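To keep things clear, I will list the structure first and then write my remarks on it.
The values are calculated or read from the model by the stated rules, or taken from the named source; none is laboratory data. Model, not experiment: these values are computed from the prediction. As a convention, Cβ positions derive from the backbone with ideal geometry for all residues, glycine included, and neighbour counts pool all protein chains shown. Please note that ligands, DNA and RNA were not included when accessible areas were found on the heavy atoms of the full protein model with its side chains. Shrake-Rupley method; radii C 1.70, N 1.55, O 1.52, S 1.80 Å.
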Number of protein chains: 4
Amino acid sequence: MTATSRVLLAICLGLSGLAQARAQTPATPIAGVDAGLIEDIVVGSRILADFGVLDGFGHVSARHPTNPNHFLMSRSLAPALVTADDIMEFDLDGNAIDARGRQLFLERFIHGEIYKARPDVKAIVHNHSPALIPFSVSAVPLRPVSHTAGFIEDRVPVFDIRTSAGMTDMLVSNADRARSLATVLGTRAAVLMRGHGVTVVGSTIPIAVGRSIYLERNATLQTQAIALGGDITYLDPAEARQIVAGGENGGYLRAWELWKLKAMAPTK
Amino acid sequence: MTATSRVLLAICLGLSGLAQARAQTPATPIAGVDAGLIEDIVVGSRILADFGVLDGFGHVSARHPTNPNHFLMSRSLAPALVTADDIMEFDLDGNAIDARGRQLFLERFIHGEIYKARPDVKAIVHNHSPALIPFSVSAVPLRPVSHTAGFIEDRVPVFDIRTSAGMTDMLVSNADRARSLATVLGTRAAVLMRGHGVTVVGSTIPIAVGRSIYLERNATLQTQAIALGGDITYLDPAEARQIVAGGENGGYLRAWELWKLKAMAPTK
Amino acid sequence: MTATSRVLLAICLGLSGLAQARAQTPATPIAGVDAGLIEDIVVGSRILADFGVLDGFGHVSARHPTNPNHFLMSRSLAPALVTADDIMEFDLDGNAIDARGRQLFLERFIHGEIYKARPDVKAIVHNHSPALIPFSVSAVPLRPVSHTAGFIEDRVPVFDIRTSAGMTDMLVSNADRARSLATVLGTRAAVLMRGHGVTVVGSTIPIAVGRSIYLERNATLQTQAIALGGDITYLDPAEARQIVAGGENGGYLRAWELWKLKAMAPTK
Amino acid sequence: MTATSRVLLAICLGLSGLAQARAQTPATPIAGVDAGLIEDIVVGSRILADFGVLDGFGHVSARHPTNPNHFLMSRSLAPALVTADDIMEFDLDGNAIDARGRQLFLERFIHGEIYKARPDVKAIVHNHSPALIPFSVSAVPLRPVSHTAGFIEDRVPVFDIRTSAGMTDMLVSNADRARSLATVLGTRAAVLMRGHGVTVVGSTIPIAVGRSIYLERNATLQTQAIALGGDITYLDPAEARQIVAGGENGGYLRAWELWKLKAMAPTK
């Protein structure tokens, strides 16, 4: 290798520096979990970072496919930097199966308690999506204005941590708080957390990720519709039900391919 | 080829990965259609994706230049990924002429029924443009505030699918719904779809695409003007008519060249 | 040159394709004008495109440095694509000195008439800056909320083309319309154009460009301040005067270097 | 080096041109200061530029780690362009220890007077963060809506330069003005400056930088919550205190690593 080649190589490597830093390293296999599901957690994290739905905080999880009492989630790390090797296995009380000294997300209890309460849920996103937070502190409920957010049904409920836990640092950092959150979520697709963010669930990772994106979008649309000052026609609950029954945005599969391509592009 | 060259090549290819994935492949010719029109559909799709007017959903079509009872549109695919080879031919009832097993857009009927009703229309865009949706659910009409949106005339009508079809999943996925939409469109340039998006027409692809961009922009401007709280001076219908008569934004040709250059750049 | 090198070169050229398309070609010298002034027109156009202040439309001009009855402006072209070779010389009636068949901006009269009326003005920007247009159609005046927009003084006047010219296509495409605009501008730094945009003047190109950027920014800030609903403290005219007298944002020179570096970066 | 290599090198260098221009040059050591602290000032400046919290104006400083009566700050330069070699040492009256003819920020007195008044403060950011300025001119106070902005406590005070200094050019360009600002800041984390911007303090650079980012974000969230029109539940001061006591966003360290990676990427 010549000196010139080395210079060129260094420059080009420099250009793709961020991409390199984020490239996937071979993951330690987790028993009973195929690489595709792990990859979906990674891709979902990066898609949401790419959309600004996740910033330095927040997390994506999936229920373990063969052991429904376990779930999979990254070690504590900014979502944009998650790789397959960062994904860990937890029981539903939030205990790491094989911690190896890695730092854990403080709010992993959100995931465990919802997986306990909702057998239908296979994937969960917790995020601080910017257009949603105003609805978490406002007396005005988040309601569906766009057919892409039919999964909202009539409105998104709000969990106020003060109600059950009094004055706190507002983090859902233990099982009690997480159980209260799961109760407010009930059978719905999402629950706002007052002054904090949102937790979104789905039967697949693309659905939980896609709902996170379209919740954020619906919040922006509703905010703008309110600003216009006229009466607003929200989706009828009957329309919302038909949308979900009809496969809701095609399971987000067409959009997922586009989002993945953008979020995983080497220049990202 | 040396090892060093291979490394360099791999890196540079990586850098242009997304671009490669989106590069045009040689298209199967469609009888009577020249490559320029096909390319305009591709370029128009990517321009609108680049502006955020199209996201994972939405579509651009053109009437067949020699067979006015046919039209051209992509197979079901995120608009940012459309290439010349994805463009298919349809009759005005939405039947694919040569499907070869490809998946079709559910809402292709929008295009067919409007081409039936409006012989002057040669290009159609259906999108979920974010600033427009609030006007589709609000009692406040979308009106022209900027001279670049003179084609709005006095206001954009709103199609509410409930009026003709009752409670649905809100998709214009059959000919009946599409005929109702075409009726509300009437002789205008665009029609809002309640809680869904907009359909925009033109006599060329650059005009339908340019109108889509300036409709979105006008919606943003009007929303902000309303937020200021003072009386608003909208374009006079006489001004709007002169703007359209005068060739409306120069047929968007100067802007089109810029938009195309940006949307088709290899680093996109 | 080896095949491998050719492949690498092609890829890398591809990566910088848009930059190449926009690179400066050697300019035909214009008598009495040094290359630095021409470059400032090019750089100013691209900075404003980079900020979204200019889109496919709008233009930047400079008074001829040795012949004050002439001015310099691009041929009709999207500002992001302007190169030194596109800069032409005009007299103050908008006649091109050496047209060579090039297409001219329809609204070049704006520049000529203002240079006639305002001997202190050496540079002019006409743009469709998005946050400004709402103020051009609203009864609420644009006023200075930020010290970086002290040049606004008490408010920006609004030119309504209807007042002098009646129902038109809203373009300032002749000398009569432009003279009316110059009258409303008076001795100020900027004039809004109802439903259209703004024209901004300065004693240097960085000042006219910098004012265009900070006008847009001030409009956004004022819109948000109004949305808060409380009383607003605008700059006092005495503060505004001291800001302008003190050299107004340091003549924008520190910011100009940053803006230029970003706008002219090869990956742009 | 072959001609081909030279061409390739030139192209690749061109591609990383902006990055090169911004790359760190070896810094002249400042006695008693290790390179990590200098790097944090550089990285903090670029992170804030990357977020749009700093534009062409504003600055980041750190108290001298071994001489508490001195502080470290860049020469007058756009924050996005700051390198280690631009960092200078000042006494708390704003005198440069080793000026070597470099141009100084006019508002360096802000830093000196706050370091005098607040022994707990080790890092300061002064910026013109766009979502904050509306609160600086509005009767509506900036209050915490998100748990990530608990450091606001009940509200951010506003410094109006008119109160102590009368009609000025609004710059805090001498010690008297800066002392008045420090008085309004009191024991808090931030102080708004009417029609100008904000000054933010912290016990580390990541804290002062992170607070600058989350103040901007909280301002956006509060503006949108107000726009919804319903009653708003702000953080309770007891919640805010627990958040700060609990280490406030983990000292911003997880986010800092992500922000740094993005802001220092060679393609930036």
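Take each residue of peptide A:250-260, count the partner chain Cβ atoms within 10 Å of its Cβ, and average: the result is 3. By DSSP, the beta bridges lying fully in the protein assembly as shown are antiparallel in about 90 percent of cases. Once the mean of 1/r is taken over each pair of separate Cα atoms and inverted, the stretch B:25-130 shows a Kirkwood hydrodynamic radius of 13.6 Å. Axis of helix C:175-185 versus longest Cα principal axis of chain C: the two differ by about 60°, to the nearest ten degrees. Among beta bridges from DSSP that stay inside chain C, the antiparallel ones total about 90%.
Its residue count N fixes a reference of 2.2 N^0.38 Å for the stretch B:52-195, and the Cα radius of gyration divided by that reference is 1.05.
Averaged over its residues, the protein assembly as shown has an accessible area of 35 Å² per residue, based on protein heavy atoms and a 1.4 Å probe. For the stretch C:78-89, backbone phi angles converted through the Karplus equation (6.51, -1.76, 1.60; θ = phi - 60°) give residue-by-residue couplings of 4, x, 5, 9, 5, 10, 4, 5, 8, 6, 10, 10 Hz, Gly and Pro being listed as x. A crude spin-label estimate for the pair C:Asp154 and C:Asp91, with each label 7 Å from Cα along the Cβ direction, gives 4.0 nm. Each part reduced to its alpha carbon centroid, the stretch A:186-205 and the stretch C:225-253 end up 44 Å apart. For the peptide A:149-162, the mean number of other protein chain Cβ atoms found within 10 angstrom of a residue's Cβ is 1.
For the chain pair C and B, the buried solvent-accessible surface (1.4 Å probe, both sides summed) amounts to about 3600 Å². Summing charges over neighbours of C:Gly150, with a neighbour being any other residue whose Cβ is under 15 Å away from its Cβ, gives +2 when K and R count +1 and D and E count -1. Amide H contacts of B:Ile97: B:Glu89, B:Phe90, B:Asp91, each under 5 Å away and 5 or more positions distant or on a separate chain (H built 1.01 Å from N in the peptide plane; Pro and chain starts excluded).
Charge tally for C:Thr204 (other residues, Cβ to Cβ under 10 Å; Lys, Arg +1; Asp, Glu -1): 0. With its label point defined 7 Å out from Cα along the Cα-to-Cβ axis, A:Asp98 lies at 5.3, 5.3, 7.5 nm from the matching points of the other copies, in increasing order.
The C-alpha atoms of chain C define a longest principal axis, and helix C:253-263 lies at about 50 degrees to it. Note on B:Glu248: accessible area is roughly 10 Å² with a 1.4 Å probe, heavy atoms of protein only. Over all other residues within a Cβ to Cβ distance under 15 Å of C:Ser138, the charged ones net out to +2, with Lys and Arg as +1 and Asp and Glu as -1.
Sorted into 20 angstrom bins from 0, the C-alpha pair distances of the protein assembly as shown split as 12, 42, 40, 7, 0 percent. Placing a label point 7 Å from Cα along the Cα-to-Cβ direction at D:Gly251 gives distances to the equivalent points in the other copies of 4.6, 4.6, 6.5 nm, listed shortest first.
What is the percent carbon and sulfur in the accessible area of chain A, measuring with a 1.4 Å probe over the protein chains and ignoring ligands?
Reported share for carbon and sulfur atoms: 53 percent.
Classified by the C-alpha gyration tensor, the stretch A:142-268 has an oblate form. Its axis ratio a/c, with a ≥ b ≥ c, is 1.5 or above, and a/b does not exceed b/c. Take each residue in B:129-136, count the other chain C-beta atoms within 10 Å of its C-beta, and the mean is 5.
Pull up the DSSP beta bridges for the stretch C:114-268 and report the antiparallel fraction as a percent, rounded to 5.
In the stretch C:114-268, DSSP labels about 80 percent of beta bridges as antiparallel.
Using 0.36 nm per residue and subtracting the Cα-Cα separation, the extra length available between A:Asp231 and A:Asn69 on full extension is 53.7 nm. Against the compact-protein benchmark of 2.2 N^0.38 Å, the Cα-based radius of gyration of the stretch C:194-243 scales to 1.37. Largest GNM mean-square fluctuation among B:Ile133, B:Ile205, B:Ile226, using chain B with Cα springs under 10 Å: B:Ile226. Scaled against the 2.2 N^0.38 Å expected of a compact globular protein of N residues, the Cα radius of gyration of chain B reads 1.07. When A:Asp120 is represented by a point 7 angstrom out along its Cα-to-C-beta vector, the spacings to that point in the other copies are 5.0, 5.0, 7.0 nm, nearest first.
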